Amino acid sequence: MIKPKFLSLLILSVIFLLSSCSENKNNTENKTVFRYNESSGIVSLDPAFAKDQACIWATNQIYNGLVQLDEKLNVRPCIAKKWEISADGLIYTFHLRNDVFFHDHELFKNGKGRKVTAQDFVFSFNRIIDPKIASPGAWIFNNVNNSLNNNKFNFKALGDTTLLICLSSPFPPFIGLLSMQYCSVVPKEIVEHYGKDFRKNPVGTGPFKMKLWKEGVKLVLTKNENYFETDGKQRLPYLDAIAITFVVDKQSAFLEFLKGNIDFMSGIDPNYKDELLTRKGILNKKYLAKFNLLTESYLNIEYLGFLVDSLSPLFSNSPTHLKAVRQAINYGFDRKKMIKYLRNNIGYPGIYGFIPVGMPSFDSTKMKGYEYNPAKARKLLNDAGFPNGEGLPEITLSTTSSYLDICEYIQQQLSEINIKIKVDVNPPATLREMVARSKIAFFRGSWIADYPDAENYLSLFYSKNFCPKGPNYTHFYNKTYDSLFEKAQYETTDSVRFEYYRQMNRIIMEEAPVIVLYYDQVLRFCQKNITGLTSNPMNLLTLKKVKKIKSDIKL
């Protein structure tokens, strides 16, 4: 009988062998092929449905939008070479390049990709907000005005190279929203020809185009020889191809990376973190000469949330309805020790509030949250009527198995100040559903930025965003907070808006509807023959400037 682990490794070896074989037996030219594994799989290559990291990474290679983010999350030109924003912050005028072409396809005249125009963006954006399409990215354009000068429209093309977007109210982060993969340009004739099957027949303008997709097995993207971006001397991209496999077993994929059959690996599984990293979060010595580690702040916050809805019996019947108890829990465990021993120093202790490290408005000198202070926690319990924790009912914390170690650590530390925590483990889907329906009083949560502005995080506490319609899972409500949030949305000067953000952050910390655990960190491992691979706080994979020393492996 073949053992399951051996079988998975055998299957993996066959897949990588297939990935190395030539799709054209007559092709003997060496190719630079960048290889990585996507354990979560890819369900669509249609940017209208690029809602998870796996799909975002793939579509980022195939498509372009008006703008793009650099490594520091600054908005840079892409297909739009420049733009103007009106003084009132309502009208965005984009001037497009006239040298951008869609990938070659038989449906285009003579099989050659045609030039992109402003009308293509009008089609692409209207498609995103079309209820029949049901794109999860439709919310991006919630603030787009449907009328201008009494002419009904959502987006307007003024000739081939000028695009107009009008907002209903100022929203400074809007330009950053347009960098999301949802906002990629797609060709109308190709989309309408394939319909729902466009998901597996993608045509974009990006540095790579689809060559082959055997779903669940392998995806191959090849160089777009007509790509418009250059490094100043030659056209991008440098790579000849990208080969993506879909092996679910992360341990098997890790072994293939160690053997050099994968060029890149993102993140780290608890099963092998101690093998790769020291307690200080750096590569173990035996791997220093074998591959490189890239680290970067990641716009992801891991937290615990309290339901603070005064109308909910779950709130009124729990001791966490008392602010002092919530604050005591915040002070009652050591985040620095948690990061060191449970995460090998991957990430940063959550001691600066709800705006993460890496966000442009983050400033550790102007914002403090909660640090480990058991004496202060005991005083708060006494003030709440529970001296030394006496009479304090047991508090249930709902989580998933992936975060059980962290929750048990917090449970143990809080027990030292007589705060009794019961850890309730749920399937991820069950926990998400119960949190969304306000059925849990104390829960584990996380938030990854959709766009690089702190408004995205602070919206979790705006009263008009109560779940299930919005992301305010705690049902936090504070009039002063709401007023500051609304002022910030109309403020176009960054320094003034950032000060509003800091004031909101202080209110969140004072009222303690959440416990910030840590700010995450991007980890990227790559082979030594890979150059030009960078990281960014959005954890977006961009391969157009990556180089690979050629080997004898053929696609």
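Tabulated data
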item: Which numbered condition MET504 misses (of (1) without any contact (Cβ under 8 Å) to a residue 60 or more places away in the chain; (2) out of contact with any helix residue (DSSP H, G or I) (no Cβ under 8 Å at 6 or more places or on another chain)); result: (2)
item: Top-ranked residue of segment 269-291 - restricted to ones that are surrounded by 16 or more Cβ atoms within 10 Å (Cβ to Cβ) and touching a residue at least 60 places away in the same chain (Cβ under 8 Å), ranked as nearest to TYR451 (Cα to Cα); result: GLY281
item: Unique match (being crowded, with 21+ Cβ neighbours inside 10 Å and aliphatic (A, V, I, L, M)) among VAL423, VAL522, VAL496; result: VAL522
item: The listed residue being of a type in the set (Lys, Arg) and without any contact (Cβ under 8 Å) to a residue 60 or more places away in the chain, out of LYS51, LYS112; result: LYS112
item: Residues located in segment 405-461, provided they are free of Cβ contacts under 8 Å to residues at least 40 places away in the same chain and of a type in the set (Asp, Glu); result: GLU408, ASP424, GLU433
item: Filtered residue count, segment 373-394, keeping only those that are crowded, with 16+ Cβ neighbours inside 10 Å, assigned to a helix (DSSP H, G or I) and of a type in the set (Gly, Ala, Ser); result: 2
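Yes/no matrix, rows are residues, columns are (1) without any contact (Cβ under 8 Å) to a residue 12 or more places away in the chain; (2) assigned to a loop (DSSP other than H, G, I, E, B); (3) β-branched (Val, Ile, Thr):
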site	(1), (2), (3)
VAL325	no, no, yes
PHE333	no, yes, no
MET338	no, no, no
ILE351	no, yes, yes
PHE354	no, yes, no
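Residue by residue, here is whether (1) in the same structural domain as GLU455 (by TED's automatic domain parsing); (2) out of contact with any Ser or Thr (no Cβ under 8 Å at 6 or more places or on another chain); (3) surrounded by 17 or more Cβ atoms within 10 Å (Cβ to Cβ); (4) of a type in the set (Gly, Ala, Ser) holds:
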| position | (1), (2), (3), (4) |
| --- | --- |
| GLU486 | yes, yes, no, no |
| THR492 | yes, yes, no, no |
| GLU511 | yes, yes, yes, no |
| ILE515 | yes, yes, yes, no |
| GLN527 | no, yes, yes, no |
| LEU543 | no, yes, yes, no |
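Residues checked against (1) modelled with pLDDT of 95 or more; (2) in a loop (DSSP other than H, G, I, E, B); (3) among the acidic types (Asp, Glu); (4) in contact with a Lys or Arg (Cβ under 9 Å, 6 or more places away or on another chain):
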site	(1), (2), (3), (4)
SER135	no, yes, no, yes
ILE140	no, no, no, no
GLY159	yes, yes, no, no
LEU163	yes, no, no, yes
SER179	yes, yes, no, yes
HIS193	yes, no, no, no
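The values are calculated or read from the model by the stated rules, or taken from the named source; none is laboratory data. Nothing here was measured: the structure is a model prediction, and the numbers come from that model. Every residue, glycine as well, gets a Cβ built from its backbone with ideal geometry; the counts of neighbours run over all protein chains shown.
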